[in-house]
Amino acid sequence: MKRNILVLKLLSFTIMGAMGAFMNYINLYLEQVLRFTGSQIGLIMMISMSLVIVVNPILGYIGDKTGKHVWMLKGAFLASSVIIVLYSQATTFTMVLLIAIMFEAARASIGPFLDLITSEYCAKVGYDFGRVRVFASAGFLLVTMLVGFAIAGFQMPWFDGQIIGFYGFISIRVAIFATVAVMLFISFLLMFFAPKPEDAKGKENKGQFNRSDIVALLKNKNFQFIIVFINLSMVALESAKSFVGNHLVVGLGSAENIVSIMTFVMVVPEFVLLPLGTKIIKKFGFKNWYLFAMTTMVIRMIIYSFTGNITIFALASIVHGFGVTTHVVGNITFIRRVVEPKVLGLAFTIMASTVMFGRAIMSFVYGLLYEYFDGFAVFRMATVLLVCGLIWVARSKSLKVIGDEITHES
């Protein structure tokens, strides 16, 4: 058990380390280095994610039917680590778009399949899922900060007006793509030691679902609720957050290492919230917690929408962990409760597809807003979507009913 848990923790670290480097800096790279416009950046995000909407459920179906989630993840990691190197060499809009499509398709199953393997194994051995996923926060924080400091350096005032620290020593292109490639390849190697999902499930669940089970999943009202919620919460916020680097560096004139500082402010609270996430949400009550988390997201985006003060901007970001805990602990627990175990892989990949669809549309819209207006317009649009998410939660009966069932379980 200890070895398997350690491998899952390391996988969470390396995967989110890679995604932290990619998600936080890719838009800035496309604007600063390749000189793409906001609408071009948004179009790349939208089109590259569109294929995933179709690919992911197919991969989920194959994975559940064959039980080969681990082997499929190995292939996804290896393909992604190769394609990201090609990404670094693309310079024209057409080439970037084509390779971006390949990269998104290659990494499509990574998130949902790892969530499946991790949550299944943790459920089997009685280990808190949040205590594994907190290592994702550690990877996201550490790698994002190191990349930012490598690009822009780090200086701070000292005694007698002296400045201590160091200057940036690597280009943004090398910092992003080399980091992502290395982290993904390490993830590929770690998969040879990962526990298999069929080891965590009874054999009766393996490959025994049919078309009626798929139809039942798609008609599941509770599953439909959480899918809409995810898009009106974390997807709306994360899509807008991908423009934070552009807003702070290009719009407000900060150095690139501001992304590292912002990441530190956002992620550090997760080290407390995620390991205690299950207990905290149950203590609050599912619906009460979701209302609270959504309220913090709305307030945060309102502040982003109007302040040009970096300090206030950073202070507003400290609530980020509430939303992450809601998604990582709350949503995963909710889905595992309302979905049949034999179609969990399909459920997670459908969720990932809808997330990609939401990100595709929102990234394109946000890109247009960024190009024709500014970063403030992006955050104001995100505020509108988050308010819709808050209303969606307030009107929900699913969270109360299912949440009480989970809370009262042993």
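Could you give every pair whose Cβ atoms fall below 9 Å, whose first residue belongs to segment 14-43 and is farther than 24 Å from Met191 by Cβ, and whose second residue is assigned to a loop (DSSP other than H, G, I, E, B) and of a type in the set (D, E, K, R), counting only separations of at least 6 or pairs across chains?
From residues that are farther than 24 Å from Met191 by Cβ, the pairs are Tyr25/Glu256; Leu28/Glu256; Gln32/Glu256.
Name the residue, out of Ala360, Ala314, that is closer than 24 Å to Ile261 by Cβ and in contact with a helix residue (DSSP H, G or I) (Cβ under 8 Å, 6 or more places away or on another chain).
Working: Ala360 fails: closer than 24 Å to Ile261 by Cβ.
Result of the check over Ala360, Ala314: Ala314.
State which residue pairs qualify: first residue over 19 Å from Leu30 (Cα atoms) and at pLDDT below 85 and inside segment 44-57, second residue assigned to a helix (DSSP H, G or I) and basic (Lys, Arg) in any location, beta carbons under 6 Å apart, and separation of 6 or more residues or different chains.
Sorted first by the residue in segment 44-57, then by its partner, the list stays empty.
Under 7 Å by Cβ, and 6 or more places apart or on different chains, what pairs join a residue from segment 96-121 that is within 19 Å of Lys196 (Cα to Cα) and touching a residue at least 40 places away in the same chain (Cβ under 8 Å) with one that is in a helix (DSSP H, G or I) and of a type in the set (D, E, K, R)?
Close Cβ pairs satisfying both conditions: Ser119/Arg336.
Could you check segment 95-110 and list, in sequence order, the residues that are under 16 Å from Ile350 (Cβ atoms) and either surrounded by fewer than 19 Cβ atoms within 10 Å (Cβ to Cβ) or out of contact with any helix residue (DSSP H, G or I) (no Cβ under 6 Å at 6 or more places or on another chain) (or both)?
none
Go over the candidates Thr354, Thr307, Thr349, Thr326 one by one and state the one that is under 30 Å from Val215 (Cβ atoms) and surrounded by fewer than 22 Cβ atoms within 10 Å (Cβ to Cβ).
On the way: Thr307 fails: under 30 Å from Val215 (Cβ atoms); Thr349 fails: surrounded by fewer than 22 Cβ atoms within 10 Å (Cβ to Cβ); Thr326 fails: surrounded by fewer than 22 Cβ atoms within 10 Å (Cβ to Cβ).
Every option except Thr354 fails the conditions.
Would you please name the residue that is surrounded by the most Cβ atoms within 10 Å (Cβ to Cβ), looking only at residues in segment 61-93 that are of a type outside the set (Gly, Ala, Ser), over 22 Å from the mean Cα position of the chain (by Cα) and within 22 Å of Ala178 (Cα to Cα)?
Phe93
I'd like the residue in segment 60-105 that is farther than 28 Å from Gly38 by Cα and among the charged types (D, E, K, R) and, out of all such residues, is modelled with the highest pLDDT.
By that ranking, first place goes to Lys74.
Considering only segment 217-237, how many residues are among the β-branched types (Val, Ile, Thr) and either farther than 13 Å from Ile350 by Cα or in contact with a Cys (Cβ under 8 Å, 6 or more places away or on another chain) (or both)?
Matching residues across segment 217-237 total 1.
When only residues in segment 310-323 that are surrounded by fewer than 16 Cβ atoms within 10 Å (Cβ to Cβ) and either among the hydrophobic types (A, V, I, L, M, F, W, C) or touching a Leu at 6+ places or on another chain (Cβ under 7 Å) (or both) count, which is nearest to Asn222 (Cα to Cα)?
Step one: list which residues in segment 310-323 are surrounded by fewer than 16 Cβ atoms within 10 Å (Cβ to Cβ), which gives 310-312, 315, 318.
Checking the rest, the ones that are also either among the hydrophobic types (A, V, I, L, M, F, W, C) or touching a Leu at 6+ places or on another chain (Cβ under 7 Å) (or both) come to 310, 312, 315, 318.
On the way: Ile310: 40, Ile312: 38, Leu315: 35, Ile318: 30 Å.
Only one residue tops the list, namely Ile318.
Whether any residue in segment 379-393 is of a type in the set (S, T, N, Q) and outside any helix (DSSP H, G or I) is what I want to check. Show your work before the answer.
Step one: list which residues in segment 379-393 are of a type in the set (S, T, N, Q), which gives 383.
Imposing the further condition that a residue be outside any helix (DSSP H, G or I) reduces the set to none.
Looking for residues that are of a type in the set (S, T, N, Q) and outside any helix (DSSP H, G or I), one finds none in segment 379-393, hence no.
Would you confirm whether or not segment 336-347 contains a residue that is closer than 27 Å to Ile261 by Cα and either touching a Lys or Arg at 6+ places or on another chain (Cβ under 6 Å) or not charged (D, E, K, R) (or both)?
To start, the set of residues in segment 336-347 that are closer than 27 Å to Ile261 by Cα comprises none.
No: zero hits.
Look through segment 42-55, keep the residues that are in contact with a Ser or Thr (Cβ under 8 Å, 6 or more places away or on another chain) and farther than 20 Å from Val82 by Cα, and return whichever of them is surrounded by the most Cβ atoms within 10 Å (Cβ to Cβ).
Of everything passing the filter in segment 42-55, Gly42 is surrounded by the most Cβ atoms within 10 Å (Cβ to Cβ).
Check Lys221 against each of (1) at pLDDT 90 or above; (2) touching a strand residue (DSSP E or B) at 6+ places or on another chain (Cβ under 8 Å) and name the one condition it does not meet.
For Lys221, the failing item is (2).
The values are calculated or read from the model by the stated rules, or taken from the named source; none is laboratory data. Please read these numbers as outputs of a predicted model, since none were measured by experiment. We place every Cβ from the backbone using ideal geometry, glycine too, and count neighbours over all the protein chains shown.
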